[in-house]
Structures are given as C-alpha cells and as structure tokens.
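In what follows, a structure is listed as structure tokens, so that the remarks can point back to it.
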Amino acid sequence: MAQQHLTLPMLRKERFYCFPESAGYYEGNEGHEVARPAGSMQQFNLHLIVSGSGYVVDDAGGVTELREGDTFLYFPGDKQHYFANSEQPWDFKWVHFYGSGIGADLAERGFRRSVAWRLRAPSLLENRIDELLFEIGEHKMLHPSRVSMLLYGIIAEYIEQAEPLADTAHAASSANARILGLLPELQARAAEPFDLNYWAKRAVTNRFAFCRWFRRAAGQTPLEFVTMCRIQRAKQLLVERQDLGVSEIAKLSGYENPSYFNKKFQESEQMTPSAYRQQFARA
C-alpha cells in the first residue's frame, strides 16, 4: 500500500477562513475501513475517490457506494464510517480542515444534507488537491497564507461542482445544467426588468423551484446575480463613458430610479458611483 500523510500544526481557528490539519493519499487500500464515533473528530473530512470503489454508511445503517470521481464530506463531530470495496479497493486523496468561516458557508450551501457527492469534473478538484500536497510536502508551514489559499481553491471547486449522490441526484444534475445554461443570457439581459416567472419557465420549472435550484447552481439568488451583473455593467460604463451622467448610467444598467441605483452601488462597492468614477478620471 502506497500512502502519503502530511500533517500541520493546529492554528487558532479564527486566524484563517480555512486551513488544513492534514492531507494525503492512499493507494492499494485492500481492507481499508474507518469507523469514528460521533464527536471524535473535530475537523472536516473530505475524500475524493481516484479509482476503485468503496462505501459510506449513514447513521441509519444505509450504505452508499462511491466510485471514481465521487466524494464524501463529513462535518466536525459527525459519526463516520466508510470502507473500501474488497474486490476493487479504492484509491483516494483527502483533506482534513477547519477554519473561522468555512463551516457556516458549507452548511448554508446545503452540504449538511448529504455525505456522498458526485463531481462533474473530478480531475479539476484532484489537481487542486495535488497543488496543496506539493506545497505542504515541499515547504511545510513556511507559507501558511498560501496553504490557506490552496485549500480555499479546493473548497471553492468542490462547492462549484458537487451534486448529492442520492435518489434525487439525476434531477439535481438536470436542473443544475439548465440553470447554468441560462446564466450567460441572464447576464446579457440583466439591464432589462427581471421577470422571475419568465426565467423559471425558461428553466422548465416553477418560480419556487427555480430560486432553490438557482442558489444551488450559482451560489446566490437570481436577484443577487442580476444585481451583480448590473453593478458590473455600471462600473464599466462609469469608466468608459465619461460623457454620460450617473442618472443615464443608472438607466442603462437597469435602474430607473437613480437614488436606488446609488444605494445598490454603495452596498456593492462601498462608495458612490461618482466616487468610483473619480478614481479613473482622465488627467
């Protein structure tokens, strides 16, 4: 059995948004099995199956098979039970991590609802894990901010890709694909009045399901996405069209009311549109 097990000293939880406690890989894991009682592990536990297969056992005793490209994620304090397929034992890469803000974010994004997850492009996550393993293996704790940054990349990739491995996985994947397919058009038409019913119909669902699936696919609500696109357009116009007044730019960005535009712009950029433009004023 080949393996790499890299560990780092525990830092104050509040120092970084996320930070690894340990990471590594296992290959040739015939007979591999882990059973941890609830409360015994106080870090997140993320595994990516690279080849072969294995199983995770839920609290009710249900068993889910995981294959190449699948992952599982346990939260701190969770009871954990997973083991390799005896005929085709899995190879996997893993990270144990903690941090000041990552727990709340993962819970808010729905990662509490399942242990087993499927990735759309697992090689991208594997590459990010490899970057972290190389950094820790070569430099240990010489560059802790870089270590934290690399772990953040792993988590961001995971959040972007992961879909629950459950009876609803196919429906989730299909809805996710439809939402992601609409994003370029929604971005291009962000300055138009936003009609939730219209976009839900385009996604072949109702408005309530659309909002739910949109948040899972894009990580924000439809209105938050539209607002982000409008502010992005406004920032570009403020710099490129110095001949236009702020009220005109507000209308071109989707806001009929200049006061409301100012409010949304300040919420996003922590400054007024005029102050933002002033930064790029021609000499």
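Which angle between 0 and 90 degrees, to the nearest 10, do you get for helix 144-161 versus the longest principal axis of the chain when only C-alpha atoms count?
Taking the Cα atoms of the chain, the angle to 144-161 is about 80 degrees.
Give, in whole angstrom and from largest to smallest, the semi-axes √(5λ) of the equivalent ellipsoid of segment 183-248, with λ running over the eigenvalues of the Cα gyration tensor.
They are 28, 11, 8 Å, listed from largest to smallest.
Which whole-number percent gives the relative contact order of segment 2-164, counting Cα pairs below 8 Å spaced six or more residues apart?
28 percent
Can you list the HN-Hα couplings for segment 191-202, worked out from phi with the Karplus curve (6.51, -1.76, 1.60; θ = phi - 60°), rounded to whole Hz and with x for Gly and Pro?
Residue by residue, segment 191-202 yields 6, 7, x, 7, 10, 4, 4, 4, 6, 5, 5, 4 Hz.
Given a Förster radius of 41 Å and the C-beta distance between Phe208 and Ala2 as r, what FRET efficiency does 1/(1 + (r/R0)^6) yield to the nearest 0.05?
Efficiency, from the Cβ-Cβ distance: 0.25.
Under a Cβ-Cβ cut-off of 12 Å, what is the net charge of the residues other than Ile154 that fall near it, where Lys and Arg count +1 and Asp and Glu count -1?
-4
With a Förster radius of 25 Å, plug the Cβ-Cβ distance of Arg12 and Gln187 into 1/(1 + (r/R0)^6) and report the FRET value to the nearest 0.05.
Between Arg12 and Gln187 the formula returns 0.05.
Over the chain, what is the relative contact order in whole percent, taking alpha-carbon pairs under 8 Å and six or more residues apart?
In percent, rounded to a whole number, it is 15.
Per the helix-only calculation at 222 nm, which mean residue ellipticity applies to the chain, given -39500 (n - 2.57) for every DSSP H run of n ≥ 4 and division by its residues, nearest 500 deg cm²/dmol?
-14000 deg cm²/dmol
May I ask you to compute the full-extension gain from Arg112 to Glu224, defined as 0.36 nm times their residue separation minus their alpha-carbon distance, rounded to one decimal in nm?
Extra length available between Arg112 and Glu224 comes to 38.0 nm.
If each residue of separation counts as 0.36 nm, what is the full-extension length gain between Gln279 and Ser259 once their alpha-carbon separation is subtracted?
5.1 nm
Only the coordinates and a few stated rules stand behind these numbers; no lab work does. What you see is a predicted model; the values in this text were computed from it and never measured. Backbone-built Cβ (ideal geometry, glycine too); neighbour counts: all protein chains shown.
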